[in-house]
Every structure is written in C-alpha cells, then in structure tokens.
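To keep things clear, I will list the structure first and then write my remarks on it.
The values are calculated or read from the model by the stated rules, or taken from the named source; none is laboratory data. Just so we're clear, the structure is a prediction, and the values are computed from it rather than from any experiment. Here the Cβ positions follow ideal geometry from the backbone for every residue, glycine too, while neighbour counts run over all protein chains shown.
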Amino acid sequence: MQILLNTDPHTDGRHEMAKHLETVVHDALDRFGEAITRVEAHLSDANSHNKAGPDDIHCTLEARLVGLDPVAVKDHAGNAHQAIRGAVGKLQRAVSNTLAKHDPRRYGGTGPGSVDDAAA
C-alpha cells in the first residue's frame, strides 16, 4: 500500500509527520491487504499560523480500493496527530463497510454494526 502526504504551506509535512501517518495508516488498514492500493492524506491548517483556534487542523484521507470507487473521510482537531488518528479511524470503518458490501464472506458482513446488521 502506497501512502502519500500532501500539506498546505502552514502545516508540518516533514519526514516525522510522514512516518507518523504511515505508521498509523498501516496499523489500521493492513488487515485489508491488497484491497487498498493507495492512501492519500491532505493536511491543512484552516486558520493558518496567524490565528490559533480549536479544531483548526483538517485531515482528509482517501483510500483507493481495487475495482471500487475511492473512499474518502475527513476529520479535524487541534493538532495534526489527532486529526490523522481521527480520520484513520473513520477511514478504517468506511473501508470495512465498503468491502463488506462487495464481498461479505471475505471481509465479514455479520455482527453488530455491520452492513447486514443494519438491514435487519
């Protein structure tokens, strides 16, 4: 799985941030194996460095799935690490639900909170 980090000029995009993103994404999404080819992250500071405020770092994650439309999620928090963790959690659930819809035997489609459970 390829992981790409894009940032605006006001957001930290150094090697340490890219490594953090890679670690968090791999920990959350490795279970999907080859179903995900790429994850793109976009970090931005909504208020730039001129104004500090709560939840001003935005993280958008997009997962490219083999044979399916991309899955995108957004989260915002007070710092980049929190925004990434929040977005990765959302992305993990969105990818799981999307894959379960298309292949419930492989990715699980039963149990509490699953796609099949919601239809019951």
How do the pairs read when you match residues in the range 18-38 that are over 12 Å from Arg85 (Cα atoms) with residues anywhere that are modelled with pLDDT of 95 or more and of a type in the set (Gly, Ala, Ser), using Cβ under 6 Å and keeping only pairs 6 or more apart or on different chains? Ile36/Ala63
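Quick check on this structure: which one of Thr37, Thr110, Thr60, Thr11 is at pLDDT 80 or above and assigned to a loop (DSSP other than H, G, I, E, B)?
After ruling out the rest, the residue left standing is Thr11.
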Among residues of the range 14-29 being acidic (Asp, Glu) and at pLDDT 95 or above, the residue farthest from Asn97 (Cα to Cα) is Glu22
Within the bounds of the range 73-86, is there any residue that is assigned to a loop (DSSP other than H, G, I, E, B), touching a strand residue (DSSP E or B) at 6+ places or on another chain (Cβ under 8 Å) and modelled with pLDDT under 95? yes
